[in-house]
Amino acid sequence: MAERLHTQNYINGEWCDAALGAVFPVDNPATKELIEEVADSTTTDVERAIDAAYDAFAFWSTTSPIERARLLHRWFCLIVEHTDVLANLMTRECGKPFVESKGEVAYGASFVEWFAEEAKRIYGDIIPAATPDRQLLVHKAPIGVCAAITPWNFPLAMITRKCAPALAAGCTVVVKPAEGTPLTALALAALAEQAGFPAGVFNVVCAAHGVEVGRVLSTHEKVRKLSFTGSTAVGKQLLKQSAETVKRVSMELGGNAPFIVFDDADLEQAIQGALASKYRNSGQTCVCANRFIVQDTVYEQFAERLKEATEALKVGNGLDAGIAIGPLINGAAVGKVSELVRCAINDGARALCGAQTHSAGDNFYMPTVLTEVSPSMAIASTEIFGPVSTLIRFTEEAEAIHIANATPFGLAAYFYTEDRHRMWRVADALDYGMIGVNEGIISTTLAPFGGQKQSGMGREGSMYGIDEYLELKYVCMGGMK
Ligand code: ADP
């Protein structure tokens with residue numbers, strides 16, 4: 001795998017071109033150079049993958065959990081062994097700094113290790129019956145063929161976070177990676193093949209546009225579960241499409257994360273948390289702080305320190321040493337961020353730094369700090385997905401909570417305070433699926449990842465993650481003597 005890039009689909013244990021022979025280009029967002037051309041699939045290809053996964057389910061679902069755990073563990077070891085190769089590929093495909101790509105390999109691999117262990121612990125229950133002639137048993141059975149549609153901002157971890165629990169549970173999988181980052185997905189498939197997963201258990205189908213393949217995956221009778229990470233608009237579309245065949249769904253959609261700084265916070269700690277939360281992957285994660293909500297008594301001080309720290313971030317090609325901010329994924333992303341910043345400034349926001357594209361190339365945007373942002377501005381209600389910090393002012397705790405919750409999203413929220421009473425109170429009051437108290441990075445395999453409201457449904461990772469791929473099956477054994 002290390003030696004060559006795979007560019008064909010991986011279906012039923014074979015590497016194959018798209019049925020129509022079409023390909024699409026995958027470019028490096030930092031240099032805009034072509035990396036490779038990849039199979040551009042249509043309905044025929046994805047239906048073939050679904051059929052393969054369906055046939056494989058018949059035997060994979062009855063494989064011993066120990067065997068599934070063994071294969072997953074082998075896959076985990078191979079991913080870790082190939083850390084540098086995978087990280088290099090990811091940085092070239094999506095632009096994130098190399099150290100962050102290495103971090104993602106470790107994070108992505110950790111789901112495979114975790115669920116290799118969980119495979120052995122899919123326990124059922126015996127329910128005490130009302131009469132002695134009955135035994136009431138509850139089994140947990142794999143749900144069936146699972147489809148995973150994944151985004152470009154975590155090209156590896158979003159695949160393992162879905163597929164490792166599915167495979168551990170005894171499900172088979174068809175993955176449709178984002179068009180920007182299919183090479184990492186195919187590299188993962190090559191490692192799964194090397195690990196020894198039987199043909200048809202893990203399939204990857206690539207496409208230049210998600211619509212057609214997504215439609216098949218979300219409407220096909222043989223697919224019993226759809227797990228999606230991406231934009232809320234596409235998630236809603238997939239939910240509607242999945243309704244026809246009543247599929248189980250997990251949706252990890254957009255966010256609008258508040259990051260509240262109270263005046264009793266350790267400000268230096270808050271700045272470090274802000275940098276980590278805001279600028280990871282150049283601000284292109286769904287849990288990135290989107291709105292800094294800062295108490296007026298420390299507002300100027302926080303703004304000044306954040307500006308200094310933001311200006312010190314080195315921008316450039318993620319493969320170069322010391323780079324903290326890589327390119328945005330494409331020109332459209334730069335256009336969207338530029339427009340949000342322009343409108344905010346028009347409406348009265350003040351730029352302390354940045355607020356323009358960067359000389360490193362067309363896809364680069366300067367890390368930016370905007371003060372005097374108001375909750376009514378478009379930049380405060382839109383997921384920015386770029387390296388732009390927006391600072392909103394508040395006076396009272398209740399006001400901060402109101403601003404934080406006044407959004408249809410509910411994925412991640414952060415706040416900084418040294419007051420232990422406030423920690424409980426505010427954590428309780430925030431309508432979010434994940435909350436960081438004095439922490440800017442909270443994602444871990446050990447804890448449930450997921451959102452409330454229009455940020456989605458279902459949880460990934462942790463002791464809860466495998467339930468998304470299991471059905472409860474109740475068996476009543478009657479007439480016992
Ligand atoms: P982003 O804005 O982060 O690119 P998207 O929601 O557009 O998020 O993309 C996430 C994933 O959904 C990608 O794999 C993409 O190809 C896929 N996708 C995009 N549009 C559709 C669609 N209409 N139906 C199914 N999948 C789609």
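The values are calculated or read from the model by the stated rules, or taken from the named source; none is laboratory data. Since the structure is predicted, the reported quantities are computational estimates derived from the model, not experimental observations. Glycine gets a Cβ as well: all are built from the backbone with ideal geometry, and neighbour counts include every protein chain shown. Surface areas here come from the heavy atoms of the whole protein model, side chains and all, with no ligands, DNA or RNA. Shrake-Rupley method; radii C 1.70, N 1.55, O 1.52, S 1.80 Å.
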Report MET457's accessible area, 1.4 Å probe, all protein chains in place, as a number in Å² to the nearest 10. 80 Å²
Using only Cα atoms, tell me the angle between helix 83-94 and the longest principal axis of the chain; keep it within 0 to 90° and round to the nearest 10. 60 degrees
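For n ≥ 4 DSSP H runs only, could you compute -39500 (n - 2.57) per run for the chain, divide by its residues and tell me the 222 nm figure to the nearest 500? List each step's numbers first, then the result.
Values: 14 runs with 185 residues, N = 481.
It lands at -12000 deg cm²/dmol.
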For a quick check: with amide H placed at 1.01 Å from N, whose amide H comes under 5 Å from HIS358's, ignoring anything fewer than 5 positions away on the same chain? PHE364, TYR365, MET366
Determine the order of VAL211, VAL234, VAL138, VAL261 by accessible area, beginning with the largest, at a probe radius of 1.4 Å. VAL211, VAL234, VAL138, VAL261
Report the FRET efficiency, 1/(1 + (r/R0)^6), for GLU308 and LYS240, where r is their Cβ-Cβ distance and R0 is 41 Å, rounded to 0.05. 0.30
Keeping every protein chain in place, order LYS96, LYS32, LYS102 by accessible area at 1.4 Å, biggest value first, i.e. largest first. LYS32, LYS102, LYS96
Quote the charge dipole size of region 257-445 about the Cα centre in Debye, to the nearest 20; the model charges only the Cβ of Lys and Arg (+1) and of Asp and Glu (-1). 560 debye
Subtract the Cα-Cα distance of ASP264 and SER61 from 0.36 nm times their separation in residues, and report this length gain in nm to one decimal. 67.7 nm
What net charge do the residues around ALA22 carry, taking every other residue with its C-beta under 11 Å from that of ALA22, with Lys and Arg at +1 and Asp and Glu at -1? -4
Exposure of THR382 as accessible area (Å², to 10), given a probe of 1.4 Å and all protein chains: 40 Å²
Farthest toward the dipole's positive end in the chain, which of SER359, ALA166, LEU78, given Cβ charges of +1 (Lys, Arg) and -1 (Asp, Glu) about the Cα centre? ALA166
What percent does the relative contact order of the chain come to when contacts are Cα pairs within less than 8 Å and at least six residues apart? 18 percent
Full-stretch length increase - ASP347, GLU37 - with 0.36 nm per residue and alpha-carbon distance subtracted: 107.3 nm
Based on the Cβ-Cβ distance from ALA19 to ASP84, what FRET efficiency comes out when R0 is 45 Å, to the nearest 0.05? 0.85
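Around ALA332, what is the net charge, scoring Lys/Arg as +1 and Asp/Glu as -1 over all other residues with Cβ under 15 Å from its Cβ?
Net charge around ALA332: -3.
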Using the structure shown, list the pairs from LYS120/LYS453; LYS120/LYS162; LYS225/LYS278; LYS222/LYS473; LYS96/LYS247 with a Cα-Cα distance above 28 Å, or answer none. LYS120/LYS453; LYS225/LYS278; LYS96/LYS247
Pull up all non-local amide H partners of GLY254: gap of 5 or more, or a different chain, and H-to-H distance under 5 Å with H placed in the peptide plane. THR232
Whole angstrom only: what separates the Cα centroid of region 227-295 from the Cα centroid of region 411-450? 13 Å
Count the net charge of all other residues whose Cβ sits under 10 Å from the Cβ of ALA289, scoring Lys and Arg as +1 and Asp and Glu as -1. +3
Magnitude of the Cβ-charge dipole (Lys and Arg +1, Asp and Glu -1) of the chain about the Cα centre, nearest 20 debye, reported as 1180 debye
